[in-house]
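Following: one structure in structure tokens, then a few remarks.
The values are calculated or read from the model by the stated rules, or taken from the named source; none is laboratory data. This structure is a prediction, so every number in the text was calculated from the model and none was measured. Note that each Cβ is placed from the backbone with ideal geometry, even for glycine, and that neighbours are counted across all protein chains shown.
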Amino acid sequence: MALGFKRGDRIGVWSTNNVEWLMIQMATARIGAILVNINPAYRSMELAYALQQSEIQCLFVIPRFRSSDYIAMLKELIPELRQDSAKIKSEVFPNLSRVVIFDPKNPLHTELPAPGFSTWQQVLSASETISQLELEKQTASLDRDDVINVQYTSGTTGVPKAVMLTHHGILNNAWFSAMSMHFTERDRLVVPVPFYHCFGMVLANLLCLSVGACVVIGSEYFDANKVLAAVEKEKCTAIHGVPTMFIAELEDENFRRFDLSSLRTGIMAGAPCPPELMQRVIKDMQCDEILIGYGETEASPLTHLTTSADGMERRINTVGRNLPHQEVKIVDTETGATLPLGKIGEICFRGYHIMRGYYGQPEKTMEAIDPTGWLYSGDLGSMDEYGYVQITGRCKEMIIRGGENIYPREIEDFIFTHTKVAEVGVFGVPDEKYGEQVAAWIQLHNSETATAEEIRNFCQDNIARFKIPKYIHFVSKFPLTVTGKLQKFKMREEMVELLREANQQL
């Protein structure tokens, strides 16, 4: 507020998991500013898109993440940061007026990397000019149906879409999830999943807030050993994660040395959860009440969750029933007609939890949500007579690698900008560790030659690491339909066979 931001303004955060991230989340919600979550793995091109598309007015950022130098990227994108003014006036990003840098490893650090940056300490000091009465007045002006959060999810159009979520949607989603987990103020949840995802922001931070439980940040980004150490040291009663995280924890070389007897529950979600893995978590991690969750960012995010009262068969082979005050139906993918119980079709959701739409993309919003309020998930599944849903596949081409949703079109559009590339098709192939890996078939222009490493290097500094194809196969032609569309199912089948022949691990 002291910096001039108010209800409806967009505040971005580009950071790994830390206490400051959580404080920014609570502070923006308190004054009605819209928190825009930015993936720490984003590179310059992706960051620039988020800043422009969401019209971000203030950005909070850490100095670096792994090999990514955030400061260097920002200076390159925003030359105005080099000017001697804390209030930025950028030609490329006209809405952006301030960039605040904070270092969780050194919270009292006040040195500026360039004159245009502000520091965390400056923000805290500025707050002294705002009275408690002004703050309460601002909070009282808010409405539960206000948009309070923007989450980026990749789209089949080739660019990420900005999902708008409300106070009502994310708070209720957190609360009902907490109730399903029998969570109370006595619980302690270790959070391996990123805060920039709904999984971390809603099902960890807000879930704990809703009942007064303790959030334990074991590491700034996922590290299996540190997560296990946090469980033991802090006597955590709950643990979240995508399947690949649980696999990494179970296979950690020191796994048997950790005392995990305090664990009781948690949520496994973000990707298909193999029954064998659920059984290992229950037995080897002593997490008897671990639950499977299902949903999507556009639904705040959970729509379904198993419970500890469900029989083992349902707990490991279904995603449970829909949360309270939510509707779900299965429809025919061709006609849209509601299907009888037991039949496989597209899963649709309706209720308080459905997004307000995609920011700045009304056409895409209408494609996702019909006039009667039903959100079409793009996932295939069936429902039994008791309301339990089983996921059988996906209508979309989305790749889920280690809990990260990856859409081929986004990667295709970028690789196509390589001067040697004539055509490209991206799809997923099975992977034992990550669930799926990204594969790309590439047809080069006549007389051109290239290597897989050359293509990966081209992607390296422009798209997130997890989107870069692990498998690249050069072809002279693609399998096509009569209308000229790529037959990706044939490409996938052939790629799987090629990898088998090459003794690749799938």
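A few comments on the model shown:
- Test: residue in segment 421-432 that is touching a Phe, Trp or Tyr at 6+ places or on another chain (Cβ under 9 Å), within 26 Å of PHE222 (Cα to Cα) and either touching a residue at least 40 places away in the same chain (Cβ under 8 Å) or assigned by TED's automatic domain parsing to the domain that holds HIS197 (or both): yes
- Residue match in segment 59-79 (condition: under 24 Å from LEU206 (Cα atoms) and in contact with a Leu (Cβ under 9 Å, 6 or more places away or on another chain)): yes
- Identification of strands (runs of 3 or more DSSP E) wholly contained in segment 146-246 with 1 or more residues that are in contact with a helix residue (DSSP H, G or I) (Cβ under 8 Å, 6 or more places away or on another chain) and more than 20 Å from GLY270 (Cα to Cα) yields 147-153, 188-190, 214-216.
- Every residue from segment 436-457 that is farther than 13 Å from ARG401 by Cβ, among the hydrophobic types (A, V, I, L, M, F, W, C) and modelled with pLDDT of 95 or more: ALA440, TRP441, ILE442, ALA450, ALA452, ILE455
- Applying the criterion of being aliphatic (A, V, I, L, M), in contact with a Gly (Cβ under 6 Å, 6 or more places away or on another chain) and modelled with pLDDT of 95 or more to the residues of segment 194-253, the residue that is surrounded by the fewest Cβ atoms within 10 Å (Cβ to Cβ) is ALA230.
- Search result, residues across segment 358-391 that are free of Cβ contacts under 8 Å to residues at least 40 places away in the same chain and of a type in the set (S, T, N, Q): THR365, THR372
- Sole exception among (1) in the same structural domain as PRO40 (by TED's automatic domain parsing); (2) under 28 Å from SER300 (Cα atoms) for ASN149, by number: (1)
- Enumeration of residues in segment 308-343 that are assigned to a loop (DSSP other than H, G, I, E, B) and buried (at least 16 other Cβ atoms within 10 Å of the Cβ): ASP310, THR318, VAL319, GLY320, LEU323, LEU339
- Among the residues of segment 74-103, those that are over 24 Å from ILE34 (Cα atoms) and either buried (at least 17 other Cβ atoms within 10 Å of the Cβ) or in contact with a Gly (Cβ under 6 Å, 6 or more places away or on another chain) (or both) comprise LYS75, GLU80, GLN83.
- When MET26 is tested against (1) surrounded by fewer than 16 Cβ atoms within 10 Å (Cβ to Cβ); (2) farther than 25 Å from LEU124 by Cα, just one condition goes unmet, and that condition is (2).
- Residue that is farthest from GLN326 (Cα to Cα), among those in segment 360-389 that are outside any strand (DSSP E or B) and touching a helix residue (DSSP H, G or I) at 6+ places or on another chain (Cβ under 7 Å): GLY360
- Residue match in segment 364-381 (condition: within 17 Å of PHE176 (Cβ to Cβ), surrounded by fewer than 14 Cβ atoms within 10 Å (Cβ to Cβ) and of a type outside the set (Ser, Thr, Tyr)): no
- Once segment 29-53 is narrowed to residues that are among the aliphatic types (A, V, I, L, M) and part of a loop (DSSP other than H, G, I, E, B), the residue that is surrounded by the fewest Cβ atoms within 10 Å (Cβ to Cβ) is ALA41.
- Residue in segment 316-329 that is out of contact with any Pro (no Cβ under 8 Å at 6 or more places or on another chain), farther than 16 Å from LEU302 by Cα and not aliphatic (A, V, I, L, M) present: no
- Pair list, Cβ under 6 Å, 6 or more apart: segment 67-84 residue part of a helix (DSSP H, G or I), other residue of a type in the set (Lys, Arg): TYR70/ARG64; LEU81/LYS75
- Residues in segment 278-307 that are among the hydroxyl-bearing types (Ser, Thr, Tyr), within 16 Å of THR265 (Cβ to Cβ) and surrounded by fewer than 24 Cβ atoms within 10 Å (Cβ to Cβ): THR307 alone.
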